[in-house]
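Undergrad: My structure is below; once you've seen it, I'll send some questions.
The values are calculated or read from the model by the stated rules, or taken from the named source; none is laboratory data. Just so we're clear, the structure is a prediction, and the values are computed from it rather than from any experiment. FYI the Cβ positions are ideal-geometry reconstructions off the backbone, even for glycines, and counts take in every protein chain you see. Quick note on the areas: whole protein, heavy atoms, side chains included, nothing else; ligands and nucleic acids left out. Shrake-Rupley method; radii C 1.70, N 1.55, O 1.52, S 1.80 Å.
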Amino acid sequence: MSTQSNTPVPGAKEVLTQESNGKQLTATVFGYQTPASLEKGKGIVRLCRSDIVYSSVQVLQSGGENNMHAHPAQDGIWIVLKGRVKFYGKDDAVLAELGPLQGIHIPRGFYYWFESASPEMLEILQVEAIDKSVKNERLNMTPPKDFATEIQRF
């Protein structure tokens, strides 16, 4: 099902819920629209989340990811929706410069950071899978920015 706008039309509640091996499962329907106003340098729009996967769109006016870091329990896929981005690895080596509909996979434990690489606002889709057998933490190689003052959550 689809609509003329970016608002999806979900199926009936009873078809979005199923039982599997005694566990209640619910499908999540979502849409995305660029935030009307970004008051901080970076915005994060959550799309969906489960215990092993989540997806967001990060919106950056300028600048980039807050610091060089790694996630030992998370494999990440990043796809540019609008704008351009540069991803960096250890020693600030350029991993890739990407434009719309191009992406990169960052494996668990891989150190990286990224920044907007064009004057237009960057919108980048983030999909993360979580390995439940590993402690899910953030390993900072350089000091992080203050999440409270730097990031706006939608």
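Undergrad: Starting from the alpha-carbon convex hull of the chain, give the projected area averaged over all orientations, in nm².
TA: On the way: hull surface 43.9 nm².
Convex hull of Cα atoms, orientation-averaged projection: 11.0 nm².
Undergrad: Calculate the spin-label point distance for Thr34 paired with Glu19, positioning each point 7 Å from the Cα along the beta-carbon direction, and give it in nanometres.
TA: 4.7
Undergrad: OK, next. Give the Rg (one decimal place) followed by the Dmax (whole number) of the stretch 62-145, computed from C-alpha coordinates and expressed in Å.
TA: Over the stretch 62-145's Cα set, Rg and Dmax evaluate to 12.6, 41 Å.
Undergrad: Taking the solvent-accessible surface of protein heavy atoms with a 1.4 Å probe, what is the per residue accessible area of the stretch 11-86 in Å²? Could you put the intermediate results ahead of the total?
TA: Values: 4100 Å² over 76 residues.
Here the residues of the stretch 11-86 average 54 Å² of exposed surface.
Undergrad: Can you send over the solvent-accessible area of Leu95, 1.4 Å probe, protein chains only, in Å² to the nearest 10?
TA: Using a 1.4 Å probe on the heavy atoms, I get roughly 70 Å².
Undergrad: So if I place +1 on the C-beta of Lys and Arg and -1 on the C-beta of Asp and Glu, and nothing else carries charge, what would the dipole magnitude of the chain be about its Cα centre? I want it in debye, nearest 20.
TA: Working: 16 positive and 17 negative charges, 45 e Å.
That gives the chain a dipole magnitude of about 220 debye.
Undergrad: Right, next: Under 17 Å from a label point 7 Å along Cα→Cβ of Arg49: give me every residue in the stretch 116-154 with its amide N that close.
TA: 126-132, 136-138, 147-148, 151-154
Undergrad: Between the stretch 97-117 and the stretch 32-66, what's the alpha-carbon centroid distance in Å?
TA: Their Cα centres are 15 Å away from one another.
Undergrad: Turning to a different aspect of this structure: Give the cross-link partners of Lys40 among the lysines, using a straight C-alpha distance below 18 Å as the criterion and excluding same-chain residues fewer than 8 apart.
TA: Lys145
Undergrad: Of all accessible surface on the stretch 1-148 at a 1.4 Å probe, what whole percent is carbon and sulfur?
TA: Numbers: 4580 of 8750 Å².
Looking at the stretch 1-148 in its full context, I get 52 percent from C and S.
Undergrad: If I build a Gaussian network model for the chain, linking alpha-carbon pairs within less than 10 angstrom, which residue out of Asn21, Asn67, Asn140 has the largest mean-square fluctuation?
TA: Result: Asn21 has the largest fluctuation of those listed.
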